[in-house]
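Participant: Below is one structure. I have some questions about it.
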Amino acid sequence: MSAHGRPIHLGGFLIAGNVTHSHPSWRHPRSDPGFLTPEYYQHLGRVFERAKLDFVFFADNSATPASYRNDIRDPLARGTQSAAGLDPRFVVPVVAGVTRNLGIVSTTSATFYSPYDLARSFATLDHLTHGRVGWNVVTSNTTVEAQNFGLARHLDHDVRYDRAEELLEVAFRLWASWDDGALIQDKEAGVFADPDLIHRLDHHGENFDVRGPLSVPRSPQGRPVIFQAGSSTRGRDFAARWAEAIFEIDPTSVGRKAYYDDIKSRASDFGRDPDGVKILPSFIPFVGETESIAREKQAFHNELADPTDGLITLSVHTDHDFSGYDLDAVIADIDVPGTKGLFEVARSLSVNENLTLRDIGKLYAQGVLLPQFVGTAAQVADQIEAAVDGGEADGFLFSAGYTPGGFEEFADLVIPELQRRGRFRTEYTGSTLREHLGLPADANLVPVPRKAVGAA
């Protein structure tokens, strides 16, 4: 890119629903309410491609929130995160149809599906997008999700990861079951495929029995780019073993730096090149022609945030009901069954900065603890550069306080500033998501071995 520093990776962060991170966003006067329409996602796809982003990222949750007061009434009435949403796997082709280069990452749980189903789905999407797909692998975090898929209660935290380990091992082998050159399609000779280059698995494991091979021939990337967001100790090992890009939430520079160093070290422990694991924290930008304008946008947005909305989503993420706690006390030391790492970020903020549960609820409503980068295009670009150059990140996922305006302002103001500084591409130089992220073309279809020691 330039002598000024290494290239910065950037992606837009969405949930295919009414709320992503900002809970005021659906109420914001500048937000488009059309999240149920294809035009909504097509417009955003065009904005992101115009900005030359690496990808758009779709998070997901498979249940209507019910962790707060064991009821769905408050989340639905308030429109909190996941109150309504589409399956992002079906949004992928909608976005792909109006873009040519933009990567598209979809979240699907490894807890509720079979490896064959997931391997087939993502190989199909990789073909239909000409190699632009990523899979964000989650293990899900709430009992209500489990109950939507026939389980009385959610699997224990480590059991979920055990299952996900085996699922990915099988999926990798399925993606590799067609060798390069196996699909021939020689009309004159009447030969469609070479069966000697297509392999059965005959996998018999603790969680799955899979015969194979996959019915989908080798896809353009070999397999989708694997995304993950491990935050607990076990989750970090899982991410370091499997992920090529990791989404992270931490509002502090110190926390982001510690996470970055930890994951890169764990990747090395698995025998992986740490540069092959891109770490991408998230933020919400508020950009203005002047700093004063930007801060007015931020203040207007943040004033709309209701602490109860935040506590509803904190309860969902942790699978723990916070409705009965003292709002004016710091968060107690609780063993939550859901997302342990994100809870630790919330608790550390509460204890270290003497923030009450009400304060944390307000912050959670403003953006699920994402930091807010505020200022002119140059000031926001400064914050991004400082984080990357300071060893906190390889790039960022950015969310929005209102949609599509928050994304459009970042694309039209901050991206050109980063391009002027030589830190972000001015044109796509590759056509696949793997190329955008600077990952090897060889998709490394063989699963990375488990560590001999430690939680893996």
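The values are calculated or read from the model by the stated rules, or taken from the named source; none is laboratory data. Predicted model, so just to flag it, every value in this text is computed and none were measured. Neighbour counts are summed over all protein chains in view; Cβ atoms, including those assigned to glycine, are modelled from backbone coordinates with ideal geometry. Accessible surface areas use protein heavy atoms only, side chains included; no ligands, DNA or RNA. Shrake-Rupley method; radii C 1.70, N 1.55, O 1.52, S 1.80 Å.
Participant: I need every pair where a residue in segment 128-157 that is more than 30 Å from T432 (Cα to Cα) has its Cβ under 7 Å from the Cβ of a residue that is of a type in the set (F, W, Y), sequence separation at least 6 or different chains.
Facilitator: Listed by first residue and then by second, the contacts come to F149/F112.
Participant: So, one more: State which residue is nearest to I72 (Cα to Cα) when the search covers only segment 110-163 and only residues that are among the β-branched types (V, I, T) and either open to solvent by 20 Å² or more (accessible area, probe 1.4 Å) or assigned to a helix (DSSP H, G or I) (or both).
Facilitator: Of everything passing the filter in segment 110-163, V144 is nearest to I72 (Cα to Cα).
Participant: Kindly provide the set of residues from segment 348-361 that are surrounded by fewer than 19 Cβ atoms within 10 Å (Cβ to Cβ) and under 23 Å from the mean Cα position of the chain (by Cα), ordered by number.
Facilitator: S348
Participant: Then there's this: Just checking, how many residues over segment 283-314 are among the hydrophobic types (A, V, I, L, M, F, W, C) and either assigned to a helix (DSSP H, G or I) or open to solvent by 60 Å² or more (accessible area, probe 1.4 Å) (or both)? Reasoning before the result, please.
Facilitator: The first filter runs over segment 283-314 and keeps only residues among the hydrophobic types (A, V, I, L, M, F, W, C), leaving 283-284, 286-287, 293-294, 299-300, 304-305, 311-312, 314.
With the extra rule that they be either assigned to a helix (DSSP H, G or I) or open to solvent by 60 Å² or more (accessible area, probe 1.4 Å) (or both), the set shrinks to 293-294, 299-300, 311-312, 314.
Looking only at that region, the number is 7.
Participant: Residues in segment 25-39: is at least one more than 20 Å from V92 (Cβ to Cβ), part of a helix (DSSP H, G or I) and either at pLDDT below 95 or under 21 Å from the mean Cα position of the chain (by Cα) (or both)?
Facilitator: yes
Matching residues to (1) of a type outside the set (F, W, Y); (2) within 26 Å of P93 (Cβ to Cβ):
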| site | (1), (2) |
| --- | --- |
| S121 | yes, yes |
| L125 | yes, yes |
| L128 | yes, yes |
| W135 | no, yes |
| V144 | yes, no |
| D156 | yes, no |
| R163 | yes, no |
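Participant: Look through segment 419-434, keep the residues that are within 22 Å of P224 (Cα to Cα) and of a type in the set (V, I, T), and return whichever of them is surrounded by the most Cβ atoms within 10 Å (Cβ to Cβ).
Facilitator: Filtering segment 419-434 for residues that are within 22 Å of P224 (Cα to Cα) and of a type in the set (V, I, T), the one surrounded by the most Cβ atoms within 10 Å (Cβ to Cβ) comes out as T432.
Participant: Out of curiosity, is R241 in contact (Cβ under 8 Å) with a residue 40 or more places away in the chain and crowded, with 24+ Cβ neighbours inside 10 Å?
Facilitator: Taking the combined requirement at face value, the residue satisfies it.
Participant: Go through R6, R50 for me and flag whichever is under 28 Å from V225 (Cα atoms), modelled with pLDDT under 95 and of a type in the set (D, E, K, R).
Facilitator: Of the residues listed, the single one that is under 28 Å from V225 (Cα atoms), modelled with pLDDT under 95 and of a type in the set (D, E, K, R) is R6.
Participant: Considering each residue of segment 160-178, count those that are without any contact (Cβ under 8 Å) to a residue 60 or more places away in the chain and either within 12 Å of L214 (Cβ to Cβ) or among the basic types (K, R) (or both), and give that number.
Facilitator: Residues in segment 160-178 being without any contact (Cβ under 8 Å) to a residue 60 or more places away in the chain and either within 12 Å of L214 (Cβ to Cβ) or among the basic types (K, R) (or both): 7 in total.
Participant: Of the residues D87, D54, D60, D71, which is at negative phi, among the acidic types (D, E) and open to solvent by less than 10 Å² (accessible area, probe 1.4 Å)?
Facilitator: Working: D87 fails: open to solvent by less than 10 Å² (accessible area, probe 1.4 Å); D60 fails: open to solvent by less than 10 Å² (accessible area, probe 1.4 Å); D71 fails: open to solvent by less than 10 Å² (accessible area, probe 1.4 Å).
The conditions single out D54.
Participant: Follow-up question, since we're still on this one. Quick one: which residue in V453, V374, V351 is modelled with pLDDT of 95 or more and β-branched (V, I, T)? Working first, answer last.
Facilitator: On the way: V453 fails: modelled with pLDDT of 95 or more; V351 fails: modelled with pLDDT of 95 or more.
That would be V374, the only listed residue that is modelled with pLDDT of 95 or more and β-branched (V, I, T).
Participant: Would you check which residues across segment 367-419 are of a type in the set (A, V, I, L, M), within 15 Å of G12 (Cα to Cα) and not in a helix (DSSP H, G or I) and list them?
Facilitator: L370, L397, A400
Participant: If you don't mind, another one. When you look at D196, is it open to solvent by 10 Å² or more (accessible area, probe 1.4 Å) and free of Cβ contacts under 8 Å to residues at least 12 places away in the same chain, yes or no?
Facilitator: When the stated conditions are applied, D196 passes them.
Participant: Same structure again: Out of all the residues in segment 318-346, which are touching a residue at least 60 places away in the same chain (Cβ under 8 Å), open to solvent by 10 Å² or more (accessible area, probe 1.4 Å) and among the hydroxyl-bearing types (S, T, Y)?
Facilitator: Those that are touching a residue at least 60 places away in the same chain (Cβ under 8 Å), open to solvent by 10 Å² or more (accessible area, probe 1.4 Å) and among the hydroxyl-bearing types (S, T, Y): S323, T339.
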